[in-house]
Amino acid sequence: MGPVLDGLVKLQSVENRLRAAKAKLARGRRSVIIQENQVRSLQSALEAKKEETQLTKVQCDRLELELKTRDAEVAKLRGSLNNAKTNKEYAAVLTMLNTTKADNSKIETQILELMKAIETDEEECEAIRGQIEEQKQLLEETRKKADASSAGFEEEIAKVQAEWDAVAESIPAPSLEVFKRVAETYDGEAVVKVDQQEGKSGAYSCGGCFMGITAESVNLLLTRDEIIRCPNCTRILIISDSQD
């Protein structure tokens, strides 16, 4: 294997370590984001429940006001009942009085149900507030842990990045650009070995996608120090020293 392909193999090894270090840093930061989202979700739930409670209170206040008006009407009807001059007038007023009292009773029942709903909603709000405080404490702990580990991960990333840059200097710019493009496509796995299919002489396959590789491509890898890519997955192919 020539210096170009050998350099790409070394770069592949460093690339894997660099991505692993970055992934560890990202996991720590992601845990903080997840916890922040949890707090925001609970805060949204609290605001929604408070709004629901407020609407129920408005409805309850409206019914209580209506009930006061109807109670005044009942008192007025009772006065009219006492002042009725005929049986017919008495019967008519009594019917109106009984109907109004029945309606008032229904309104009172509605008010009681709404007051129970308000009490339940306020208890739920208090419970959500408790959950928010718990999640905020957990968020603070998660953030402290992430901050503590981030410094170490960032130091590791800087060290491996410097190693990556040093190896990259030995690789021609066009080859390096191909490596970087393929690495982005396959999460760092840009270079793969050519596998010889067991029991089949002269039959080869890509170690990345396992599709067949022509003998001509294998011969080029054996004789030239240049990038040969899998025609299927476009990864950079190499032949290990043991296959030479």
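The values are calculated or read from the model by the stated rules, or taken from the named source; none is laboratory data. Note that the structure is a prediction, hence the values are computed from the model and not measured. A quick note on method: Cβ atoms are made from the backbone with ideal geometry, for glycine too, and the neighbour counts reach across all protein chains shown.
Data overview
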| item | result |
| --- | --- |
| Evaluation of residue 179 against (1) modelled with pLDDT of 95 or more; (2) touching a Phe, Trp or Tyr at 6+ places or on another chain (Cβ under 6 Å) (one fails), failing number | (2) |
| Scan of the stretch 192-217 for residues that are assigned to a loop (DSSP other than H, G, I, E, B) and not hydroxyl-bearing (Ser, Thr, Tyr), ordered by number | 197, 198, 199, 200, 202, 203, 207, 208, 209, 210, 211 |
| Residue 235 being in contact with a Leu (Cβ under 7 Å, 6 or more places away or on another chain), in contact (Cβ under 8 Å) with a residue 12 or more places away in the chain and not acidic (Asp, Glu) | no |
| Single unsatisfied condition, residue 4 versus (1) without any contact (Cβ under 8 Å) to a residue 40 or more places away in the chain; (2) closer than 30 Å to residue 188 by Cα; (3) β-branched (Val, Ile, Thr) | (1) |
| Pairs where the first residue, in the stretch 43-60, is under 15 Å from residue 124 (Cα atoms) and the second is surrounded by 15 or more Cβ atoms within 10 Å (Cβ to Cβ) and of a type in the set (Gly, Ala, Ser), C-beta under 6 Å, 6+ apart | 56/117 |
| Some residue of the stretch 156-171 being touching a Leu at 6+ places or on another chain (Cβ under 8 Å), over 30 Å from residue 228 (Cβ atoms) and surrounded by 14 or more Cβ atoms within 10 Å (Cβ to Cβ) | yes |
| Criterion: out of contact with any helix residue (DSSP H, G or I) (no Cβ under 7 Å at 6 or more places or on another chain) and not in a helix (DSSP H, G or I) - qualifying residue of 116, 85, 106 | 85 |
| Index of the failed condition, residue 189 passing every other in (1) outside any loop (DSSP other than H, G, I, E, B); (2) surrounded by 13 or more Cβ atoms within 10 Å (Cβ to Cβ); (3) of a type in the set (D, E, K, R) | (1) |
| Single condition residue 34 does not satisfy, out of (1) β-branched (Val, Ile, Thr); (2) more than 16 Å from the chain's Cα centre (by Cα); (3) farther than 19 Å from residue 123 by Cβ | (2) |
| The stretch 101-130 residues that are more than 18 Å from residue 56 (Cβ to Cβ) and charged (D, E, K, R), paired with ones that are modelled with pLDDT of 95 or more and part of a helix (DSSP H, G or I) (beta carbon under 8 Å, 6 or more apart) | 129/46 |
| Odd one out for residue 181 among (1) assigned by TED's automatic domain parsing to the domain that holds residue 207; (2) surrounded by fewer than 18 Cβ atoms within 10 Å (Cβ to Cβ); (3) touching a residue at least 12 places away in the same chain (Cβ under 8 Å) | (3) |
| Failed item, numbered, when residue 38 is tested on (1) part of a helix (DSSP H, G or I); (2) surrounded by fewer than 16 Cβ atoms within 10 Å (Cβ to Cβ) | (2) |
